[in-house]
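**Student:** If you scroll down you'll find the structure; I have some questions about it.
The values are calculated or read from the model by the stated rules, or taken from the named source; none is laboratory data. Keep in mind the model is a prediction, meaning the values are calculated, not measured. Using ideal geometry, Cβ is built from the backbone for each residue, glycine included, and neighbour counts are taken over all protein chains shown.
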Amino acid sequence: MKYFDKILIANRGEIAIRIMRACRELGIETVAIYSEPDRNALHVRYADEAFCVGEAHPSKSYLNKERICNVAKKSGAEAIHPGYGFLAENAGFAKLVEEEGLTFIGPSWKTIEMLGSKIESKRAMREAGVPVLPGTPEGVTSIDEARRVAAEIGYPVIVKASAGGGGIGMHIVKNEDQLEEAIEKGKRIAESAFGDPTIFVEKYLTKPRHLEIQILADGTGHTVHLYDRECSIQRRHQKLLEEAPSPIMTPELRERMAESAITVAKTANYKNAGTVEFLYSNGDYYFMEVNTRLQVEHTVTEFITGIDVVKQQIAIAAGYDLAMDQEDISIRGHAIECRINAEDPLNNFAADPGKIVRYRSPGGPGIRVDSGVHMGYTIPAHYDSMIAKLCAWGMNREEAIQRMRRAIYEYVIIGVKTTLPLHYAIMQNPYFIAGETHTHFLQEGHIAASLRRYLHEEEARMQTLATSLRQGKQVAAITAAVDVYIRKNTR
Ligand code: MV4
């Protein structure tokens, strides 16, 4: 089955390539778009056709809705896959795509719009019987009302932007004295970030886990889930490591949470792939929001279920019914994803764009690398710093961890600082190994000491290589590169 003849991928980097890989397997032609600095990027070379859509700044290129639709029409593409980020959850874009007679590979713009409002979606899900955290049922219009609700549910509470996400405009409030200021601040930030000052207040959970359920819905009422993911390990609301399934899941909790996720999807008239996010604390879970896009971490779900989520998205968008029932979907083994970002772990994880002078990715049993980079590639400073997703699968969590440790050991990235040492430290951490993660795991400092030790070892190896390269000793440089690869000191 081919579904479409030609699809435009409105994204860049690893996810653009991921989507094109599904297209290539299905025999669908691909159209890439790119910004000026991305002219030589891998996603441009991988596609059958590629069109420049503007300058480096996303607003001039990857966010240029009209231009992207025009390229789709000009090239004869029938559908647009938005990937994640950029226009993926932009209801206006989804609407424009439909108006132009093209197919948006994702939910309807009405669903995106409804779920984009945290207040509206929370109300709908509460009415549908899905657990939600207590809080103000509407946007906060008076401080007195917010005070009354906060006193009733008890401090700490959290102020959130209704149009928000990613922690923007969020403020934790420990007592009544801090409430008014947090509300005023939250409104200002929400207005400037989202053009919508609406904020709400809800009960704050300390150190919750972030759990999510992947769903697929074909729009005929046929909705299935692809089980859970644990996404608690994050920094500044950027996930760094995800796994499937969650190590805390019990069969009973999984059944209840999956049923809630299906209810959420049906309540939102959901069509295509989506993720229902929950916070979990002390045995209870609460609906947070729905991500109406393909997510970065869909890979771990693919590993444990064997289902190609991108192909399912394409089939659903083409109007096909889901070809599977819930009882056809089961979990096999365990998968972990480490996000490899060009960031300096010793400088507060500041982005470290630049040229990758040596690159060798790991392989072997149970390893998957999704990446948009190659040796000699210069990571542009204009976009996010993720350069690869390193995923490991094992028959159980222990084997997945062992494989991830081995794959990190094999990975060579020279020229930019990366999060590889951080992940190596996490893989040795007793709390992580015991499955004891939560949203404040990295702030607790459990891994700081081992990270430092590992970084020093790494630095010594890099020094050997850099010296050889500087001296122009080609053979020595190659030896050093191999040396880095096998991580032995042969000087
Ligand atoms: C919360 C929470 C605790 N209690 N809501 C962060 C992003 C957004 N998706 C939801 N987030 C949170 N919402 C309540 N009621 C904790 C988080 C949260 C978090 C909060 C502060 C600092 C870091 C965090 C990391 C992950 C989740």
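**Student:** For segment 166-188, which positions are surrounded by 19 or more Cβ atoms within 10 Å (Cβ to Cβ) and within 16 Å of the ligand (Cβ to nearest atom)?
**Tutor:** Once the filter is applied, which keeps residues that are surrounded by 19 or more Cβ atoms within 10 Å (Cβ to Cβ) and within 16 Å of the ligand (Cβ to nearest atom), segment 166-188 yields Gly169, Met170, His171, Val173, Leu179, Ala182, Ile183, Gly186.
**Student:** Count, please, the residues in segment 316-329 that happen to be farther than 18 Å from Ala88 by Cα and within 23 Å of the chain's Cα centre (by Cα).
**Tutor:** 1
**Student:** Ok, one more. Criterion first (within 15 Å of the ligand (Cβ to nearest atom) and assigned to a loop (DSSP other than H, G, I, E, B)) does Ala163 satisfy it?
**Tutor:** yes
**Student:** Moving to a separate point now. Within segment 128-151, work out how many residues are touching a residue at least 12 places away in the same chain (Cβ under 8 Å) and either part of a loop (DSSP other than H, G, I, E, B) or not aliphatic (A, V, I, L, M) (or both).
**Tutor:** Residues flagged as touching a residue at least 12 places away in the same chain (Cβ under 8 Å) and either part of a loop (DSSP other than H, G, I, E, B) or not aliphatic (A, V, I, L, M) (or both) within segment 128-151 amount to 14.
**Student:** Which condition from (1) of a type in the set (Val, Ile, Thr); (2) part of a helix (DSSP H, G or I); (3) closer than 20 Å to Thr223 by Cα; (4) within 16 Å of the ligand (Cβ to nearest atom) is the one that Ile112 breaks?
**Tutor:** With (1) of a type in the set (Val, Ile, Thr); (2) part of a helix (DSSP H, G or I); (3) closer than 20 Å to Thr223 by Cα; (4) within 16 Å of the ligand (Cβ to nearest atom) applied to Ile112, the lone miss is (4).
**Student:** Please verify whether segment 203-216 includes one or more residues that are within 13 Å of the ligand (Cβ to nearest atom), more than 24 Å from the chain's Cα centre (by Cα), surrounded by fewer than 21 Cβ atoms within 10 Å (Cβ to Cβ) and under 20 Å from Pro131 (Cα atoms).
**Tutor:** Among the residues of segment 203-216, at least one is within 13 Å of the ligand (Cβ to nearest atom), more than 24 Å from the chain's Cα centre (by Cα), surrounded by fewer than 21 Cβ atoms within 10 Å (Cβ to Cβ) and under 20 Å from Pro131 (Cα atoms), which makes the answer yes.
**Student:** Just give me the residues in segment 238-248 being within 18 Å of Gln295 (Cβ to Cβ), more than 16 Å from the ligand (Cβ to nearest atom) and surrounded by fewer than 24 Cβ atoms within 10 Å (Cβ to Cβ), in sequence order.
**Tutor:** Pro245
**Student:** Pull out all pairs, ordered by first then second residue, where Cβ-Cβ is under 7 Å, the residues are six or more apart or on different chains, the first lies in segment 361-384 and is of a type in the set (Ser, Thr, Tyr), and the second is surrounded by 14 or more Cβ atoms within 10 Å (Cβ to Cβ) and not in a strand (DSSP E or B).
**Tutor:** Between residues of segment 361-384 that are of a type in the set (Ser, Thr, Tyr) and residues that are surrounded by 14 or more Cβ atoms within 10 Å (Cβ to Cβ) and not in a strand (DSSP E or B), the close pairs are Ser361/Tyr411; Ser371/Glu14; Ser371/Ser361; Tyr377/Ile356; Tyr383/Arg12.
Residues checked against (1) closer than 28 Å to Asp308 by Cβ; (2) surrounded by 15 or more Cβ atoms within 10 Å (Cβ to Cβ):
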| position | (1), (2) |
| --- | --- |
| Arg18 | yes, yes |
| Arg39 | no, no |
| Cys52 | no, yes |
| Lys60 | no, no |
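**Student:** Residues to consider are Glu191, Glu181; find the one that is in a helix (DSSP H, G or I) and farther than 26 Å from Asn90 by Cβ. Can you show your working first?
**Tutor:** Values: Glu191 fails: farther than 26 Å from Asn90 by Cβ.
The conditions single out Glu181.
**Student:** Continuing with this model, one more query. Out of segment 363-382, which residues are more than 19 Å from the chain's Cα centre (by Cα), closer than 28 Å to His237 by Cβ and in a loop (DSSP other than H, G, I, E, B)?
**Tutor:** Within segment 363-382, Tyr377, Pro380, Ala381 qualify.
**Student:** Being surrounded by fewer than 17 Cβ atoms within 10 Å (Cβ to Cβ) and either touching a residue at least 24 places away in the same chain (Cβ under 8 Å) or over 23 Å from Pro107 (Cβ atoms) (or both): is that true of Gly221 here?
**Tutor:** Criteria met by Gly221.
**Student:** Determine which single condition Glu191 fails, assuming it passes every other condition in (1) in contact (Cβ under 8 Å) with a residue 40 or more places away in the chain; (2) within 26 Å of the chain's Cα centre (by Cα).
**Tutor:** (1)
**Student:** Another question, if that's okay. For segment 262-291, name all the residues that are in contact with a strand residue (DSSP E or B) (Cβ under 8 Å, 6 or more places away or on another chain), within 16 Å of the ligand (Cβ to nearest atom) and not hydroxyl-bearing (Ser, Thr, Tyr). So that I can check it myself, show each step before the final result.
**Tutor:** Looking only at segment 262-291, we keep the residues that are in contact with a strand residue (DSSP E or B) (Cβ under 8 Å, 6 or more places away or on another chain), and these are 262, 264-266, 268, 270-281, 285-291.
Those still in the list that are within 16 Å of the ligand (Cβ to nearest atom) too: 264, 274-281, 285-291.
Val264, Gly274, Val276, Glu277, Phe278, Leu279, Phe287, Met288, Glu289, Val290, Asn291 - these are the residues of segment 262-291 that are in contact with a strand residue (DSSP E or B) (Cβ under 8 Å, 6 or more places away or on another chain), within 16 Å of the ligand (Cβ to nearest atom) and not hydroxyl-bearing (Ser, Thr, Tyr).
**Student:** Can you list residue pairs whose Cβ atoms sit under 8 Å apart, with the first residue in segment 30-46 being without any contact (Cβ under 8 Å) to a residue 60 or more places away in the chain and over 15 Å from Lys74 (Cα atoms) and the second being surrounded by fewer than 15 Cβ atoms within 10 Å (Cβ to Cβ) and of a type in the set (Asp, Glu)? Count only pairs 6 or more apart in sequence or on different chains.
**Tutor:** Glu36/Glu55
**Student:** Go through segment 218-237 and count every residue that is assigned to a loop (DSSP other than H, G, I, E, B) and near the ligand (Cβ under 9 Å from one of its atoms).
**Tutor:** Step one: of segment 218-237, the residues assigned to a loop (DSSP other than H, G, I, E, B) are 219-222, 236-237.
Remaining after also requiring near the ligand (Cβ under 9 Å from one of its atoms): 236-237.
Summing the residues that are assigned to a loop (DSSP other than H, G, I, E, B) and near the ligand (Cβ under 9 Å from one of its atoms) in segment 218-237 gives 2.
**Student:** I would also like to ask the following. Within segment 317-349, restricting attention to residues that are among the aliphatic types (A, V, I, L, M) and surrounded by fewer than 23 Cβ atoms within 10 Å (Cβ to Cβ), which residue is nearest to Gln234 (Cα to Cα)?
**Tutor:** Leu346
**Student:** A follow-up question, please. Only one of Glu176, Glu184 is free of Cβ contacts under 8 Å to residues at least 12 places away in the same chain, out of contact with any His (no Cβ under 9 Å at 6 or more places or on another chain) and farther than 30 Å from Met404 by Cα; which?
**Tutor:** Details: Glu176 fails: free of Cβ contacts under 8 Å to residues at least 12 places away in the same chain.
Just a single option satisfies the conditions, and that option is Glu184.
**Student:** What are the residues in segment 327-351 that are touching a helix residue (DSSP H, G or I) at 6+ places or on another chain (Cβ under 9 Å) and either assigned to a helix (DSSP H, G or I) or of a type in the set (Gly, Ala, Ser) (or both), if any?
**Tutor:** Ser330, Gly333, Ala335
**Student:** Within segment 133-143, is even one residue touching a helix residue (DSSP H, G or I) at 6+ places or on another chain (Cβ under 8 Å), over 28 Å from Ala91 (Cβ atoms) and buried (at least 19 other Cβ atoms within 10 Å of the Cβ)?
**Tutor:** No, segment 133-143 contains no residue that is touching a helix residue (DSSP H, G or I) at 6+ places or on another chain (Cβ under 8 Å), over 28 Å from Ala91 (Cβ atoms) and buried (at least 19 other Cβ atoms within 10 Å of the Cβ).
**Student:** Checking the condition of a type in the set (Ser, Thr, Tyr) and more than 13 Å from the ligand (Cβ to nearest atom), which residue from Ser117, Ser121 passes?
**Tutor:** Ser117
**Student:** Does Gly92 qualify as being on the phi < 0 side of the Ramachandran plot and either within 16 Å of the ligand (Cβ to nearest atom) or surrounded by fewer than 21 Cβ atoms within 10 Å (Cβ to Cβ) (or both)? Talk me through it step by step, then tell me what you get.
**Tutor:** Numbers: on the phi < 0 side of the Ramachandran plot: yes; either within 16 Å of the ligand (Cβ to nearest atom) or surrounded by fewer than 21 Cβ atoms within 10 Å (Cβ to Cβ) (or both): yes.
Yes; evaluated as a whole, the condition is true for this residue.
**Student:** Working carefully through the options Leu322, Leu294, find the one that is under 30 Å from Gln402 (Cβ atoms), away from the ligand (no atom under 16 Å from the Cβ), outside any helix (DSSP H, G or I) and modelled with pLDDT of 95 or more.
**Tutor:** Answer to the check: Leu294.
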